[in-house]
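Worksheet: one structure, shown below.
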Amino acid sequence: MLDFPSCTEVSDAWSVAGSGIGSGSNSLKTALGEYYERKHFYTEILSDTQNKLTYSLRPDEAYQFVHAFSQTSYPTRQLDNLLEHTYHLTKVIRISDLTECYIPTACLSLTHYGLGEDNTIYPLRDTCGCSFHWDAKKAIFCALKECLERQFLNRFWLTAHYQKRISAQSIIDQLTKSNILALASSLNKAGDIIAFDISDPSFPGRCIIACYGQKNRSHHVNYCTGMAYSDTQTHALEKAFEELWQTYRFMDLFTHCKGDKNTLNDPYLKHFFNCNTYESFKEITSCEAGCRSTSQLARRFTTNELLNSLAHQKIQGYLYLKPSHIEDKRCVFCKFISPQLFMHMNNSRHINLDNDYSAIFQGDILPSRQTNMVPFP
């Protein structure tokens, strides 16, 4: 399908997989990058030591973790128990002053192997805030950007509030000079498309979620979505539709080949397949403009500005940085995490819904959406 972006899937014998999308060889490059990222965070995260949270964290930092863990743990644990617990710890860097400290390995590793009782304290993990790049600065920027993008998604789903609705015609108009135009036009002719600006004015850049709906149940894909956080609305729209198409192609081929969704290893993707109905499209698009201002200061979409925005809101966070080599070429794995933000994306269970970021919209959270995980792959 030469008018549409190319999609590539990469996997190995251990069921570690990566997917990518783009023009030319870009789809292969992004798929390999995601594969390397997944492989590292699933199989290569190691603990440096075992100790209490206060081993290297300040009292306020340790409290932020136990406050989050008191919500994520299963069975529920008391704060004193969480403070006295001996954790597997891994070295990270504070974003506030770039000093080293240690946080629970369970906050970084995507596997439960070797972490013992820590798995009951923080049972659910995902790739939120993970990145891989050949350049350390870009790895850090992508990790921050990816984590914040997911925060905006959780807020959008839980509150059903957005900054701006972008109609199908407006999407087509904005993509007139884009290589995504043919894709967006075809999706618009086949079904329903709509997009929402779910940006947080407290941060630079624009975050867009694009949604596709198909009423005809004989089609393999009745609901699909994609999201992107970029410097401008147009760039975010382009990347959001690329991501939507990446998932659409997988769902279409998987269904066409009689795939069994129960065999899928990714719980988020399995949940997304269960949401493959036009009713899901209507549910996620049944929202209203938020009461917060859509105006944003003209700030550059850079690592420094993202860090400054977090600091302005007094949100502390930690960067896991692991230099490595692949075929003699230097690369960097990175993950950004903060117990003051949503620590993972399954909003329906074992998540720290009560955090510093969510404090400003706690009163807007819809109970019906709090019990249902966001329909996003």
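Sketch the reach of a paramagnetic label on Thr232 as a point 7 Å from Cα along Cα-to-Cβ, and name the residues of segment 158-195 whose backbone nitrogen lies under 14 Å away. Answer for this model: 174-179. Beyond 15 Å, what share of the Cα-Cα pairs of segment 66-164 remains, rounded to the nearest whole percent? Taking all Cα-Cα pairs of segment 66-164, the fraction more than 15 Å apart is 71 percent. Once the Cα atoms of helix 136-159 and of the chain are each reduced to a long axis, what angle between those two axes, in degrees from 0 to 90 to the nearest 10, is obtained? Between helix and principal axis, roughly 70 degrees. Using 0.36 nm per residue and subtracting the Cα-Cα separation, the extra length available between Ser368 and His112 on full extension is 89.1 nm. For segment 152-191 versus segment 193-227, the inter-centroid distance based on Cα atoms is 6 Å. Taking all C-alpha pairs of segment 307-363, those more than 16 Å from each other amount to 58 percent. Relative to the longest principal axis of the Cα atoms of the chain, the long axis of helix 303-312 makes an angle of roughly 60 degrees. What is segment 171-320 by shape, rounded, prolate or oblate, if you read a ≥ b ≥ c off the alpha carbon gyration tensor as root eigenvalues and call it rounded for a/c under 1.5, prolate for a/b larger than b/c, and oblate otherwise? The shape class here is prolate.
How much length is gained if the chain between Lys215 and Glu327 is pulled fully straight, taking 0.36 nm per residue apart and subtracting their Cα-Cα distance, in nm to one decimal? Provide the component values of the computation, followed by the final result.
Details: separation 112, 0.36 × 112 = 40.32 nm, distance 4.80 nm.
So the chain would gain 35.5 nm between Lys215 and Glu327.
Taking the longest Cα principal axis of the chain as reference, the axis of helix 181-190 is set at about 70 degrees. Put the Cα centre of segment 350-365 next to the Cα centre of segment 38-97 and the gap is 20 Å. Using helices alone, what [θ] at 222 nm do you get for the chain, with -39,500 (n - 2.57) per DSSP H run of 4 or more residues, divided over all residues and rounded to the nearest 500? It lands at -11000 deg cm²/dmol.
Between His271, Ala228, Gly259, whose Cα lies farthest towards the positive end of the dipole of segment 164-284 when Lys and Arg beta carbons carry +1 and Asp and Glu beta carbons carry -1, centred on the Cα centre? The residue sitting most towards the positive pole is Gly259. Averaging the Cα positions of each part gives two centres, and for segment 233-274 and segment 1-36 these lie 13 Å apart. If a/c stays under 1.5 just call it rounded; otherwise compare a/b with b/c (prolate if a/b is bigger, oblate if not). Do that for segment 201-287, with a ≥ b ≥ c from the square roots of the Cα gyration tensor eigenvalues. Prolate is the answer for segment 201-287, as a/c is 1.5 or above and a/b outweighs b/c.
Over segment 155-205, the reciprocal of the mean inverse Cα-Cα separation, the Kirkwood hydrodynamic radius, stands at 12.3 Å. For the chain, the solvent-accessible area of protein heavy atoms averages 46 Å² per residue (probe radius 1.4 Å; ligands and nucleic acids excluded). Protein-only accessible surface at a 1.4 angstrom probe places the residues His256, His88 in the order His256, His88, largest first. Counting protein heavy atoms only, the chain has 50 percent of its accessible area on carbon and sulfur, 1.4 angstrom probe. Divide the volume of the convex hull around the Cα atoms of segment 255-356 by the residue count and you get 233 Å³ per residue.
Translational diffusion of segment 1-121 was estimated from the Stokes-Einstein equation, with Rh taken as the Kirkwood radius over Cα pairs; at 37 °C and 0.692 mPa s the coefficient is 197 µm²/s. Computed over Cα pairs, the Kirkwood radius of the chain leads via Stokes-Einstein (0.890 mPa s, 25 °C) to a diffusion coefficient of 115 µm² per second. A simple rule links phi to the HN-Hα coupling: the Karplus curve 6.51 cos²θ - 1.76 cosθ + 1.60 with θ = phi - 60°, which for segment 218-233 gives 6, 6, 5, 10, 9, 8, 8, 8, x, 9, 8, 10, 9, 6, 10, 5 Hz, with x for Gly and Pro.
The values are calculated or read from the model by the stated rules, or taken from the named source; none is laboratory data. The shown structure was predicted, so the numbers you read here are calculated from the model rather than taken from an experiment. Glycine also receives a Cβ, built like all others from the backbone with ideal geometry; neighbour counts cover every protein chain displayed. Accessible surface is based on the protein model in full, side chains and every heavy atom, while ligands, DNA and RNA are left aside. Shrake-Rupley method; radii C 1.70, N 1.55, O 1.52, S 1.80 Å.
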